[in-house]
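Asks: Below is a structure I'd like to ask you about.
Nothing in this text is a laboratory measurement; each read-out follows from the coordinates by a stated rule. Since the model is a prediction, treat every value here as computed from it, not as a measurement. Because the Cβ atoms are built from the backbone with ideal geometry, glycine has one as well, and the counts that use them run over all protein chains shown.
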Amino acid sequence: MVNLGTLPAPDMAIDARLQRQLADFNQRRLRPGLPDDEIHPDAHALHQTELRFLEAERRKIAATAAQAPDDPDGFVRWFEALREHGAGQGDPLFPWLAEIASLAQVRWFLAQEVAGEAGFDDLLALTQVQMPAQAKLEMARNFWDELGRGHATGMHGPMLARLAATVQAHLPIEAVVPESLALANLMMAMAANRPYAYHSVGALGVIELTAPDRAEQVNAALKRHGLAAHDRQYFALHATLDKRHSAAWDREVLASLVAAEPRTARAMAEGALLRLAAGARCFARYRRHFGQG
């Protein structure tokens, strides 16, 4: 466990200034560069802040994660139950978006979601480094799907960007709620720091597990407002594809890793719970914005 001394108060996720700093740090440190490019002047301090943020979030879910079984079958059953009982599941925000929200409200929601999207393909690429062969191969199959199986028009990241451009779902960073930035920053913190690699595995897996129902309802909202099928492709695709990804991830990644090293169960459980809690925090913030309680 990373030892960072006294941890800060657990409100870093809603500190807008801090989350904007971390978002800028992540963009700059991951951008391809050259040896003589200027590095971020506060890179070391921000890295330490990132780790403190991650550890503060871990404290919130540690007791629940400790209940996860450390045998492969038991862990997969525990993990799959998060689809029904995890934080943010069945949130009323999504039926409201599907059935009631105006186009302007859907546009604001999408802008926040785009800001909180850390790039599943990049997170996966960082996470799979030196993973065991069985898990790595499934991650590679998932990564290939994320990259449109070699076709630029099928790449998931650009697909979401095209949707955002079509509906003009862009906001300056000052208008992005800190909860959304915190979600992206948390995902990057797990993927970019190797002591949290198994946390990232759990977080990515729980996205595949829980995203389809929400994606289906966002797709319904877009369809209700007249967007064409090719514009809605990102959410329509994830309403179905992630179900297949999730089943394979459970078998090939989660179960195989726990079988090889039971201690990974706790880390992957923490990662899943961290991602769910961050998502639930976003949904609650969005509902407050919309006056939905």
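Asks: Go ahead and estimate [θ] at 222 nm for the chain from helices alone: -39,500 (n - 2.57) per DSSP H run with n ≥ 4, summed, over the residue count, rounded to 500. Walk me through the intermediate numbers first.
Replies: On the way: 13 runs with 196 residues, N = 293.
Here the helix-only value at 222 nm equals -22000 deg cm²/dmol.
Asks: Say each of Ala165 and His44 gets a label point 7 Å from the Cα, pointing the same way as Cα to Cβ; how far apart are those two points in nm?
Replies: Each label point lies 7 Å from its Cα, and together they span 4.1 nm.
Asks: Among rounded, prolate and oblate, which fits region 1-127 when a ≥ b ≥ c are the square roots of the eigenvalues of its C-alpha gyration tensor, a/c under 1.5 means rounded, and a/b larger than b/c means prolate? Walk me through the numbers on the way to the answer.
Replies: Values: a/c = 1.77, a/b = 1.17, b/c = 1.52.
Oblate shape, in that a/c is at least 1.5 and b/c is the bigger or equal ratio.
Asks: Enumerate the calculated ³J(HN,Hα) couplings along region 51-65 in order (Karplus 6.51 cos²θ - 1.76 cosθ + 1.60, θ = phi - 60°), each rounded to whole Hz, writing x wherever the residue is Gly or Pro.
Replies: 5, 5, 4, 4, 5, 4, 5, 4, 4, 5, 10, 4, 5, 5, 4
Asks: Which residue fluctuates the most in the chain, going by a Gaussian network model with Cα springs under 10 Å, if the choices are Ala269, Ala228, Ala161?
Replies: Checking each option, the largest mean-square fluctuation is seen for Ala228.
Asks: Can you give the translational diffusion coefficient of region 225-268 in µm²/s, computed by Stokes-Einstein from the Kirkwood radius over Cα pairs at 20 °C and 1.002 mPa s?
Replies: On the way: Rh = 12.6 Å.
Rounded, D is 170 µm²/s.
Asks: So what are region 43-114's ellipsoid semi-axes, whole angstrom, largest first, if each one is the square root of 5 times an eigenvalue of the alpha-carbon gyration tensor?
Replies: Details: eigenvalues 186, 120, 17 Å².
After diagonalising the Cα gyration tensor, the semi-axes are 30, 24, 9 Å.
Asks: While we're here: Scaled to the compact-protein estimate 2.2 N^0.38 Å, what is the alpha-carbon radius of gyration of region 156-293, rounded to two decimal places?
Replies: 1.16
Asks: Using 0.36 nm per residue, how much length does the chain from Leu34 to Ala125 gain when fully extended, once their Cα-Cα distance is taken away? All intermediate terms of the calculation are to be shown ahead of the outcome.
Replies: Working: separation 91, 0.36 × 91 = 32.76 nm, distance 2.07 nm.
Result for the pair: 30.7 nm of gain on full extension.
Asks: Can I ask one more? HN-Hα J couplings of region 69-75 from phi, Karplus 6.51/-1.76/1.60, θ = phi - 60°, integer Hz, Gly and Pro as x?
Replies: Per residue, the Karplus-derived 3J(HN,Hα) values read x, 10, 10, x, 5, x, 5 Hz.
Asks: Now for a separate question. Using bins 5 angstrom wide from zero, how does P(r) for region 114-157 break down, in % of all Cα pairs?
Replies: 5, 23, 27, 22, 15, 6, 1
Asks: Among Ala278, Ala197, Ala140, whose mean-square fluctuation peaks in a Gaussian network model of the chain (Cα, cutoff 10 Å)?
Replies: Maximum among the listed residues: Ala140.
Asks: From the phi of every residue in region 83-90, what ³J(HN,Hα) in whole Hz does the Karplus formula 6.51 cos²θ - 1.76 cosθ + 1.60 yield, where θ is phi - 60° and glycine or proline is x?
Replies: Rounded to whole hertz, the list is 4, 9, 10, x, 4, x, 6, x.
Asks: Only Cα pairs within less than 10 Å get springs; with that Gaussian network setup on the chain, which residue of Ala98, Ala152, Ala189 has the largest fluctuation?
Replies: The residue with the greatest mean-square fluctuation here is Ala152.
Asks: Strictly greater than 34 Å: what percent of every Cα pair in the chain meets that?
Replies: On the way: 7286 of 42778 pairs.
Roughly 17 percent, rounded to a whole number.
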